[in-house]
Amino acid sequence: MWGRRRRGPGLSGRGAEELRARRREREAALRKARRQEQLVSKRLLREDTAAQEGGQDGAEIMPDPLSEDEVLELLRGVQRGSEDRKASLSRLRWALQNKETQQKFVRLDGSIRTLIGLFTSSLADLQMEAGRCLHELSHSSDPAVAEACLPVTSYLLTYLSGHSVEFTELCLYTLGNLVVESEAVRKQLLPQGIIPVLASCIQSPHEAVLEGLGYVLSQLLQAKEAPTEIIPHTASAALLSLGALPALASLLLDLASHIPQDAPEGLELLVCPVLRCVSNLLAEETGCQDQLQDEQLLVTLFLILQCFCQQHPFIVQEGLWLLNNLTADEPFFCSALLSLDLLPALLQLLPCSQMASVLVLTVLCNIAVKGPAYCQQLHQHAALPLLLPALALPDPEAVGQCLELLHLLFLHWPEAAADFVRQGGHQALEQHQHTPQLQERAGALLDMVRQPLAASTFSPCHTTLPAFS
């Protein structure tokens, strides 16, 4: 039978532990799913090179692969100390947009060493062009190209306190691209002090730097070795103590304030890493939600979800994962979600995708498990009519999460069970009596709702409940 919850009267602790264990397993599966192909893994800062290279309409034109002799000639042009060196670097940067050319270039003896020499030059224009060449290489899908860039990592860290916002931004995104492609790069960056350097970037007043910082952190935090090697708890605590969460939340507020009705293409690439970084930091440290107790953050999050739900559903998953982490332990955000009447907007996201359905229902469980006052509010906000269609979803995981939510509602607010029967919900439950992974929980709920209305299960709870502020 169903494990009983610790917040009900006379409940054992074992059921609560089982509930937490199941939720941890589910969240681990969701965390893994977040990292699949639909999430953008690399970012590219690129000017309109198409117009410079003959594309008058500004459309992106990818260069053809060069022969080894042509690549060598480009390298020699860069190595020569002539006045045309910047132009040679620009031509090289254009050519390096081609994967085959990238591979041929890094195989040439002295190629990366030449770029590093110019990247560390005292001439700002050459330094920027060399940085852009390295950035093109960092965007390669070939791990060998990323590992060829290993010698530049220490300089990239040094220049994070660079002379211009544009140059610092370029270094951040180049680092982010490199760390996601190669474990060797990540292992080299740790002893070079990447965590303290990134922590210092949190103090930057420039939005572009904070966006780049969010991207690098998100790439580091999603690496498989992150929990034990890259961002141990001590490093996460250091980031939090430096104000990482409020800074990232402030960036989200700023991004949302500039979102028009039709968001421009590419804005999702700024929003995604910030959402993911906040979510991961919340998952790393308990109790840090106190740093984010601002109702405006919830409003901002729902604006972002509304803006991107049609064109970029992966943003919905990122946003719901953040909402899950905000509501998992902190009553403040559960109360705020209800008092701000955001529940209808949340329930509208149920049909967005399979993962979105599970996450919406998980957030509702986070609210319901807080006790009778919260379940009463869910009931009064007409959650039941919107949950009935969820019982007909084809995904057993989503239906299972819906059953868990109904159990919490019936347990803490028995009037919801009576209302559920009046709406014909027991018929939806009966359909799952023969589904192997759902039949036990569906049977437990049917036992609850079939009890006589005079029984205590359906007796009204007239306990005075605190109002949500």
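The values are calculated or read from the model by the stated rules, or taken from the named source; none is laboratory data. Quick caveat: nothing in here was measured; it's all calculated off a predicted structure. Positions of Cβ are backbone-derived with ideal geometry, glycine not excepted, and every protein chain shown enters the neighbour counts. Heavy atoms of the whole protein, side chains included, go into the accessibility calculation; ligands, DNA and RNA do not. Shrake-Rupley method; radii C 1.70, N 1.55, O 1.52, S 1.80 Å.
In the set (1) of a type in the set (S, T, N, Q); (2) open to solvent by less than 30 Å² (accessible area, probe 1.4 Å); (3) modelled with pLDDT under 90, Gln380 fails one condition alone, (2). Selection of region 143-156 for residues being assigned to a helix (DSSP H, G or I) and either under 17 Å from Arg113 (Cα atoms) or at pLDDT 90 or above (or both) yields Ala144, Val145, Ala146, Glu147, Ala148, Leu150, Pro151, Val152, Thr153, Ser154, Tyr155, Leu156. Taking first residues from region 197-217 that are farther than 16 Å from Val271 by Cβ and partners that are open to solvent by 10 Å² or more (accessible area, probe 1.4 Å) and small (Gly, Ala, Ser), the Cβ contacts under 7 Å between residues at least 6 apart in sequence or on separate chains come to Ala199/Ala238; Ile202/Gly243; Ile202/Ala247. How many residues does region 294-308 hold that are in contact (Cβ under 8 Å) with a residue 40 or more places away in the chain and open to solvent by 30 Å² or more (accessible area, probe 1.4 Å)? Summing the residues that are in contact (Cβ under 8 Å) with a residue 40 or more places away in the chain and open to solvent by 30 Å² or more (accessible area, probe 1.4 Å) in region 294-308 gives 6. The criterion of at least 1 residues that are in contact with a strand residue (DSSP E or B) (Cβ under 6 Å, 6 or more places away or on another chain) is met by none of the helices (runs of 4 or more DSSP H) wholly inside region 310-350. Look at (1) out of contact with any helix residue (DSSP H, G or I) (no Cβ under 6 Å at 6 or more places or on another chain); (2) under 29 Å from Glu440 (Cβ atoms); (3) in contact (Cβ under 8 Å) with a residue 24 or more places away in the chain; (4) not aliphatic (A, V, I, L, M) and you find that Thr327 fails only one, number (1). Scanning region 106-142 for residues that are surrounded by 14 or more Cβ atoms within 10 Å (Cβ to Cβ), among the acidic types (Asp, Glu) and either within 31 Å of the chain's Cα centre (by Cα) or outside any helix (DSSP H, G or I) (or both) turns up Glu136, Asp142.
Of the residues that make up region 404-416, is at least one closer than 30 Å to Gln310 by Cα, part of a helix (DSSP H, G or I) and open to solvent by 30 Å² or more (accessible area, probe 1.4 Å)? Taking every residue of region 404-416 in turn, none turns out to be closer than 30 Å to Gln310 by Cα, part of a helix (DSSP H, G or I) and open to solvent by 30 Å² or more (accessible area, probe 1.4 Å). Report yes if Gln401 is open to solvent by 50 Å² or more (accessible area, probe 1.4 Å), modelled with pLDDT of 80 or more and outside any loop (DSSP other than H, G, I, E, B), otherwise no. No: the conditions fail for Gln401.
Taken as a whole, the structure places Ser67 among residues that are more than 30 Å from His206 (Cβ to Cβ), exposed (fewer than 15 other Cβ atoms within 10 Å of the Cβ) and either touching a Gly at 6+ places or on another chain (Cβ under 9 Å) or among the small types (Gly, Ala, Ser) (or both).
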